[in-house]
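> Sharing a structure with you now.
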Amino acid sequence: MMKKTLLVSLLLFCSMLYAQKDDNREINTEFAEKINHIFEPLEKNRVPHGLLLDYAFEFTDLAAYNGKVTDTNAVHLGIYKEIYNTLLMAQVKRDKEYMYNPEEFKSRWNNLRQLHNQTVTFTPHIVLSGLYYKYAKIAATALAKEKIRIENDQIHDVYRNGIWQNPYEVKPTFAMSAPVMKVQGLTANISLPENLFYTNQKSTVQSISANFDDGKGYQNISYDTPIQVKYDQEGMYTWRFRLRLTNGEVLEAHTKMIFKANHTMEEQQDEYDTEQIAATKSYLGVTGTASLQIIDRHGDGLQNPLIIAEGFDPAILEPESIYGINNMFQLLENINLYAGDLPNTLDLYDIIYVNWDDSFAPIQRNAYVLEEVINYVNQEKTGNNQNVVLGQSMGGLAARYALKDMENDPNQDHDTSLYVSHDAPHQGANIPLGFQYLDRHVYKQFVKSPLLENLIVGIADGAAILYDVQTMFDAYSAKQMLKNYVNNNYQVDNQVHEAWQNELNQMGYPQQTRNIALSNGNNCASPQPFNPGDQLFKVKGSVRSGWLSDLLLTVYPLANTILWTSTATITYEPGFLLGILPGSNKIKADFWARALPQSGSEQIYRGFMSYTKKVVWLFLLLYILPMKTLILPPIHFLLTIIREVNIIPR
């Protein structure tokens, strides 16, 4: 039989080929239509285990995670999700027993992470998830050996003398992952909930064991039973997992974890108190709360209070972190390491560190929480010294608002002598629009399952940094701070920022305090390292694994700070756009962004990407990111960062 080769171009630029959901997700339906046409005659009930790799939109190379450990197949959150999503898209028949849609898959894990870490302790609880599946693929020799036939660009089963010819190979995939990759401290509790181990081979699983690289060797893992690991020093550790089957076969997988020592936390964990504070005033009908960490320096009560309001803390993205990603111990550790004589100065103060329970909430809501914190300190302090209130980043805005609001209320007295604004964006924060368009563009792209009408998967679902960055961009408080915010319709929408900025400007600064502003910017007033209209980044042509990871590390200033310790840790965390693709699948990309022009109209972003899949004999060319170009309307805007410093002597 002569082999056929056909190139099918799926140009997804028009609304006919792209479905638009109410939430503005852009859903590729052409892949499902073409795949279903190719496999329509195939007898799906004969596919072993109901999973056919050739039928799937492949986010990663399942063959790389076959139960044999290599130097290049460590599994982490992004890879793990892409393995699962590939299996999800490989379904040729629905089985609700062992497969969940991506939203439910994520929520099941996150709910248990929250549950196991809801009590504040110094030992984070790492909730593992794992999977073991058998799936089928059409053998490379199936067409040559006439175990399938091609007719009218469709794949058909073959019967010889009335006997069905089996064209399939059966393959295993085994993976284990933690939801985070970096742990603060050298001790952790680890568990594997039974309902987070996904498999279509449950009856064949005999045991799971793990070697946590702590010198104890392999330990059996019992579902829902914590195991504590403790390391002598910080560093990267390799966790190795073994899955033993009832037939004696053993499959292996591994992941890498970074444990970072926090000496301040270890030394002072018994030297501080905690307090939960709730605001008495609501904003938009909701009252805020905060968790306080309090250090009474000399054991004689709050004699000399220093109230520190934390900045924007995406703690909800990482429940394993004590008091969130920013906390008092992290601050003191940094001060002890890098701040010269400042630790000696801090020894004069009793510290009250304010951890927002929801830093994504409107800044006004957290400002009202801070007012209640100040009232609490004033009630508890034992000396006559006035307070010092220091606000970091967003916390500087909340502190400014809270102090001035209290001054405007004759029934309140903040009893504060000094307000310190530490790197707070009083005139707004700037994230270049081109970068925001990139994140929004990729974030909105989804692919429809060939089998299930309502199942869609984000093409970058495994790129946790992208989703976490977008989650932060969309937070109400972030929109208040961003001078320019790109909404879900690719429009620059600054209504929230302008309303906040007008309210903040009308309130002004506290008048009963000495006000000091510090900036982490360039101390020599150097301008940005680019001019208006300059190209900020460009990626064009065939891209290698890891290209988007490198790009996001470059373009997002948060990537090496906040996101480093969140679930969006970059190192070793690929995902579809970042990771290992099968050799027959290829990515071509064309992305670039420019800085805003000084005046006039100019295109500032272009994004386009194609994905090619080989199905036995057929190549599918799929434009998974339809071309998006953004032309900025005429403006007059010079891209500079202006920080305002106001010092009002008392």
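Quick grid of which residues meet (1) within 17 Å of Val447 (Cβ to Cβ); (2) open to solvent by 10 Å² or more (accessible area, probe 1.4 Å); (3) part of a loop (DSSP other than H, G, I, E, B); (4) at pLDDT below 70:
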| site | (1), (2), (3), (4) |
| --- | --- |
| Leu581 | yes, yes, yes, yes |
| Leu596 | no, yes, yes, no |
| Tyr605 | no, no, no, no |
| Tyr611 | yes, no, no, no |
| Leu621 | yes, yes, no, yes |
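> Still on this structure: Anything in the range 352-362 that is among the hydrophobic types (A, V, I, L, M, F, W, C) and surrounded by fewer than 24 Cβ atoms within 10 Å (Cβ to Cβ)? List them, or say none.
Across the range 352-362, the qualifying residues are Phe360, Ala361.
> Here are the criteria: (1) of a type in the set (Ser, Thr, Tyr); (2) closer than 22 Å to Val75 by Cα; (3) open to solvent by 10 Å² or more (accessible area, probe 1.4 Å). Tell me which single one Thr225 does not satisfy.
Every condition holds for Thr225 apart from (2).
> In addition: Taking the range 55-78 as the search range and keeping residues that are in a helix (DSSP H, G or I) and out of contact with any helix residue (DSSP H, G or I) (no Cβ under 8 Å at 6 or more places or on another chain), which one is most open to solvent (accessible area, probe 1.4 Å)? Can you show your working first?
Here is the first cut: in the range 55-78, the ones in a helix (DSSP H, G or I) are 55, 62-65, 77-78.
Checking which are out of contact with any helix residue (DSSP H, G or I) (no Cβ under 8 Å at 6 or more places or on another chain) leaves us with 63-64.
Working: Ala63: 61, Ala64: 27 Å².
Ranking the qualifying residues of the range 55-78, first place goes to Ala63.
> Taking the criterion of being surrounded by 24 or more Cβ atoms within 10 Å (Cβ to Cβ) and in contact with a helix residue (DSSP H, G or I) (Cβ under 8 Å, 6 or more places away or on another chain), would at least one residue in the range 334-351 satisfy it?
No.
> Still on this structure, please answer the following. Since Phe174 meets every condition but one in (1) closer than 30 Å to Gly248 by Cβ; (2) open to solvent by 20 Å² or more (accessible area, probe 1.4 Å), which condition does it not meet?
(2)
> Between Asn375, Asn430, Asn387, which is surrounded by fewer than 19 Cβ atoms within 10 Å (Cβ to Cβ), over 35 Å from the mean Cα position of the chain (by Cα) and not β-branched (Val, Ile, Thr)? Spell out the reasoning first.
Values: Asn430 fails: over 35 Å from the mean Cα position of the chain (by Cα); Asn387 fails: surrounded by fewer than 19 Cβ atoms within 10 Å (Cβ to Cβ).
Exactly one of Asn375, Asn430, Asn387 is surrounded by fewer than 19 Cβ atoms within 10 Å (Cβ to Cβ), over 35 Å from the mean Cα position of the chain (by Cα) and not β-branched (Val, Ile, Thr), namely Asn375.
> Among the strands (runs of 3 or more DSSP E) lying completely within the range 175-238, list those that include at least 2 residues that are among the polar types (S, T, N, Q).
Values: elements: 182-184, 187-191, 197-199, 205-211, 218-220, 227-230.
Those strands (runs of 3 or more DSSP E) span 187-191, 205-211, 218-220.
> A further question on this structure: Taking the residues in the range 502-522 that are out of contact with any strand residue (DSSP E or B) (no Cβ under 6 Å at 6 or more places or on another chain) and within 18 Å of Ser393 (Cβ to Cβ) as candidates, determine which candidate is modelled with the lowest pLDDT. Break it down into steps so the answer makes sense when it comes.
Taking the range 502-522 and keeping what is out of contact with any strand residue (DSSP E or B) (no Cβ under 6 Å at 6 or more places or on another chain), we get 502-508, 511-512, 519-522.
Now restrict to residues that are within 18 Å of Ser393 (Cβ to Cβ): 504, 519-522.
Working: Leu504: 97, Ser519: 81, Asn520: 69, Gly521: 61, Asn522: 56.
This residue is Asn522.
> So, one more: Would you mind telling me which numbered condition in (1) over 28 Å from the mean Cα position of the chain (by Cα); (2) open to solvent by less than 60 Å² (accessible area, probe 1.4 Å); (3) under 24 Å from Gln114 (Cβ atoms); (4) of a type in the set (Gly, Ala, Ser) Ala210 fails?
(1)
> Next question, about the same structure. How many residues are out of contact with any Lys or Arg (no Cβ under 9 Å at 6 or more places or on another chain), open to solvent by less than 40 Å² (accessible area, probe 1.4 Å) and not small (Gly, Ala, Ser) when one looks only at the range 465-515?
Counting residues in the range 465-515 that are out of contact with any Lys or Arg (no Cβ under 9 Å at 6 or more places or on another chain), open to solvent by less than 40 Å² (accessible area, probe 1.4 Å) and not small (Gly, Ala, Ser) gives 10.
> Let me ask you something else. Could you list, in sequence order, all residues of the range 85-98 that are surrounded by fewer than 24 Cβ atoms within 10 Å (Cβ to Cβ) and in contact with a Gly (Cβ under 9 Å, 6 or more places away or on another chain)?
Gln91, Val92, Lys93, Arg94, Asp95
> Hey, another quick one. Hey, among Asp409, Asp423, Asp439, which residue is open to solvent by 20 Å² or more (accessible area, probe 1.4 Å) and either closer than 30 Å to Phe591 by Cα or in contact (Cβ under 8 Å) with a residue 12 or more places away in the chain (or both)? Explain how you work it out, then say what you get.
Details: Asp409 fails: either closer than 30 Å to Phe591 by Cα or in contact (Cβ under 8 Å) with a residue 12 or more places away in the chain (or both); Asp439 fails: open to solvent by 20 Å² or more (accessible area, probe 1.4 Å).
Within the list Asp409, Asp423, Asp439, the selection yields Asp423.
> While we're looking at this one, here's another question. Could you tell me which numbered condition Glu82 fails, if it satisfies all but one of (1) open to solvent by less than 10 Å² (accessible area, probe 1.4 Å); (2) more than 21 Å from the chain's Cα centre (by Cα)?
It is condition (2) that Glu82 fails.
> Can you find, within the range 85-102, the residue that is farthest from the chain's Cα centre (by Cα) among those that are within 16 Å of Ile456 (Cβ to Cβ) and either part of a helix (DSSP H, G or I) or among the aliphatic types (A, V, I, L, M) (or both)? Can you show your working first?
Initial filter on the range 85-102 (within 16 Å of Ile456 (Cβ to Cβ)): 85-91, 94, 99-102.
Next, only the ones that are either part of a helix (DSSP H, G or I) or among the aliphatic types (A, V, I, L, M) (or both) stay: 85-90, 99, 102.
Working: Asn85: 17, Thr86: 20, Leu87: 22, Leu88: 21, Met89: 22, Ala90: 25, Met99: 23, Pro102: 15 Å.
Step by step, filter the range 85-102, then rank; the result is Ala90.
> Here is a follow-up. So, in the range 122-147, how many residues would count as being open to solvent by 10 Å² or more (accessible area, probe 1.4 Å) and among the small types (Gly, Ala, Ser)?
3
The values are calculated or read from the model by the stated rules, or taken from the named source; none is laboratory data. Just so you know, these numbers come straight off a predicted model, no measurement behind them. Using ideal geometry, Cβ is built from the backbone for each residue, glycine included, and neighbour counts are taken over all protein chains shown. In case anyone asks, the SASA skips ligands and DNA or RNA and just uses the protein heavy atoms, side chains included. Shrake-Rupley method; radii C 1.70, N 1.55, O 1.52, S 1.80 Å.
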